[in-house]
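Here's the structure, in structure tokens; my notes come after.
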Amino acid sequence: MKQEPVKTERKTLHLPVETIQALEKLAARNGTDFSKEVRRAVDENLDPINGVIRQELNAQIKALGNRLAGLINRLTIISAAGYYANIAIIADLIDTDRYSSFEKIEAAARKRALAYANQKNADALHAFADDEEMKKAIRAVKGGGRVDPDV
């Protein structure tokens, strides 16, 4: 949606050199002109309480978003590791010659979990829901195809 042009009037301002330089840098970084940055700064500072609240909320939301992304990443890895560990344990019960220790089962499960966690969302959901992909994962854990020979 295109914004309608704002009606403006020419005024002369006397600003400190540092303020002018800061506004020029901001305009260059934002791809706008000096006048637009001055208008934005004036608009934001007409109601200083709202500006302070907005800045604080933005900072808090960004910090919480980063924290949530980190937690989701860790939970994905833990969940995928548990999922593949269960497959490995079941496969171990079926084929006792395949794995010689729990550490090897866990290492193989962790590799599969990290590979799963690093997939794009759509690819991961497709692989998780696809019966053929599940059969491939079970074959891989049981010893068929694409498994590390020293596991």
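No lab work stands behind these numbers, since they all come straight from the coordinates. Please read these numbers as outputs of a predicted model, since none were measured by experiment. Cβ sites come from the backbone with ideal geometry, for glycine too, and all protein chains shown count toward neighbours.
Give the peptides 9-19, 55-65, 110-120 in descending order of average Cβ contacts within 10 Å, highest first.
Details: 9-19: 7.1, 55-65: 10.1, 110-120: 15.5.
Ranked from most to least packed, the peptides come out as 110-120, 55-65, 9-19.
Farthest towards the positive end of the charge dipole of region 7-65, among the residues V17, N50, S35, is the Cα of S35, using unit charges on the Cβ of Lys, Arg, Asp and Glu. Checking the Cα-Cα distances for K25/K62; K7/K36; K62/K120 against a 18 Å cut-off, the pairs over it are K25/K62; K62/K120. Here the calculated FRET efficiency for E4 and L68, from their Cβ-Cβ distance with R0 = 35 Å, stands at 0.40, rounded to the nearest 0.05.
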